[in-house]
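I have placed the structure first, in the form of C-alpha cells, so that the comments after it can refer back to it.
The values are calculated or read from the model by the stated rules, or taken from the named source; none is laboratory data. Bear in mind that the values here come from a model prediction, so they are computed numbers and not experimental data. Cβ coordinates were reconstructed from backbone atoms using ideal geometry, including for glycine residues, and neighbour counts include every protein chain displayed.
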Amino acid sequence: MFDETRIAVTGKSSLSLQDSAPLPREGALRVFARNVILAWGWPRRAIAFFGGAMGALAMPPLSFAPALIASLALAVWLIDGSVDRGPREATRWASLSAAFGAGWWWGFGYFTAGLWWLGSAFLVEPDKFAWALPLGVLGLPAMLAFFPAAGFALARLLWRPGAARVLALAVGLGASEWLRCVAFTGFPWNEIGMALGQNVVLAQIASIIGLHGLTLAAVAIFAAPATLWTESEASRRWAPTILAALALVAIVGFGAFRLDAPASGAIPGVKLRIMQPNVAQGPDFAPDNGIAIVRRYLALSDRATSPATSGVADVTHLIWPESAFPFILSREGQALSEIAGVLRGGAILATGAARMEEGERADGRRHFFNAI
C-alpha cells in the first residue's frame with residue numbers, strides 16, 4: 001500500500017496511487033514503481049541516470065528497441081514523483097523544477113551511454129587532443145541533457161492522471177527532441193524515434209509522419225506499460241499497453257504493405273550505389289596513403305554485388321561518405337583522374353570532402369570547410 005502521507009502532496013501526480021484503499025496484488029514490480037515515485041535526493045538522480053542509460057541500448061550498435069520500455073516507464077514514474085517534498089504545500093514551480101532535474105539526469109545517462117564513441121575522435125592524435133576527451137564524453141552529454149530536462153518539465157506541465165500522462169511524456173520529449181535537432185545548428189544523433197527508424201519495416205511510417213513523428217510514436221508506445229504497475233483498475237491498467245500494441249501492429253502492417261507495393265515513387269532511370277569503406281581514423285588515414293585509400297574506394301564501388309550488377313557502369317549516382325579523404329581532393333590531380341576513369345559510364349559521384357578557400361582572408365589564414 002502506498003504511503004498516504006507522502007502521496008497526499010502529489011497534486012495531479014497520477015494515478016490511483018492517491019486512493020486510500022489498498023492496491024490489489026502488490027507484486028515486486030508494483031513495489032518497485034512505488035519506490036521510484038517516492039525516491040528523492042541522490043537515489044532519485046541515480047535512478048534517472050541509469051534509466052536514461054538503458055534507453056541508449058535502443059540505439060546502435062545494440063539497437064535493442066525494447067530497452068526503451070524500462071527507460072520510459074522510469075521516466076513516467078519519475079515525473080509522477082516530481083513534487084515538493086518540503087513542509088509546505090506543493091507548488092507548480094517546485095513540481096516543474098523536480099521534473100526538470102529528473103529529466104536532466106535521465107538525459108545525462110542517455111547521452112553518456114549513447115555517445116561514448118565520440119571519445120575515439122580525441123584519440124586519433126592523443127598527444128594533441130586526449131586532454132579534451134572528458135569534454136566530449138561527459139561535457140557534451142551534460143549540455144545535451146538540458147533538452148530532455150525541458151521535455152520532462154513540459155510533460156509535467158501537461159500531466160494528468162492515468163494514461164493521459166503517457167501522452168504528456170510523448171509531447172514533452174517529442175518537443176525537446178525536435179528542439180535538439182534545430183537549436184544551435186542542431187545535434188540530431190540518437191533521436192528517440194530512431195528506435196523505430198532502424199527497422200526497415202517500422203521505418204516506413206516515417207514517409208507520413210517523419211522522424212519527429214516516429215519519436216512521438218516511440219515514446220507513446222514504449223512508455224505505455226508504465227501504467228501496468230501504477231493503476232488499480234484493470235481497464236486503466238491494461239488499456240494503454242493494449243492500444244500501444246495495436247499501434248505497433250498497425251505500423252508493422254503499413255510498413256510491410258509499403259515495402260511490397262510497386263515502387264511508384266521511384267525516379268525512372270535513377271540507380272544509386274552507396275559505398276561505405278569502414279576506414280579507421282587512425283595513423284593509416286594520412287596524406288601519404290591518400291591514393292591507396294582512393295583506390296580502395298574505387299575497387300569497392302566498382303565491385304559486382306550480384307549476378308545482375310557489374311559495378312559503377314550499372315548506376316547513375318555513386319555516393320561516398322563524408323570527410324572521405326586525408327587531403328584536399330580538388331588539389332589532387334592523380335586522385336581526380338583515377339576517379340574520372342571509373343566514372344567512365346557517366347555516373348555522378350557525390351562525396352564529402354574538405355574544401356580550402358582560395359586566397360587568404362584579412363587575418364592572413366586560409367580557411368577550411370566541410371563540403372560535399
- Message: When you scan the stretch 300-315, do you find a residue that is farther than 25 Å from SER120 by Cβ, of a type outside the set (Phe, Trp, Tyr), at pLDDT 95 or above and surrounded by 16 or more Cβ atoms within 10 Å (Cβ to Cβ), even just one?
- Response: no
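Check whether at least one residue in the stretch 125-135 is modelled with pLDDT of 95 or more and assigned by TED's automatic domain parsing to the domain that holds LEU57, and report yes or no.
Step one: list which residues in the stretch 125-135 are modelled with pLDDT of 95 or more, which gives none.
No - not one qualifying residue is present in the stretch 125-135.
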- Note on the structure: Restricting the stretch 318-359 to residues that are in contact with a His (Cβ under 9 Å, 6 or more places away or on another chain) and either of a type outside the set (A, V, I, L, M) or part of a loop (DSSP other than H, G, I, E, B) (or both), the one surrounded by the most Cβ atoms within 10 Å (Cβ to Cβ) turns out to be ALA347
- Message: Exactly one of these conditions fails for PHE122: (1) outside any helix (DSSP H, G or I); (2) more than 27 Å from ALA46 (Cβ to Cβ); (3) touching a Gly at 6+ places or on another chain (Cβ under 9 Å). Give me its number.
- Response: (1)
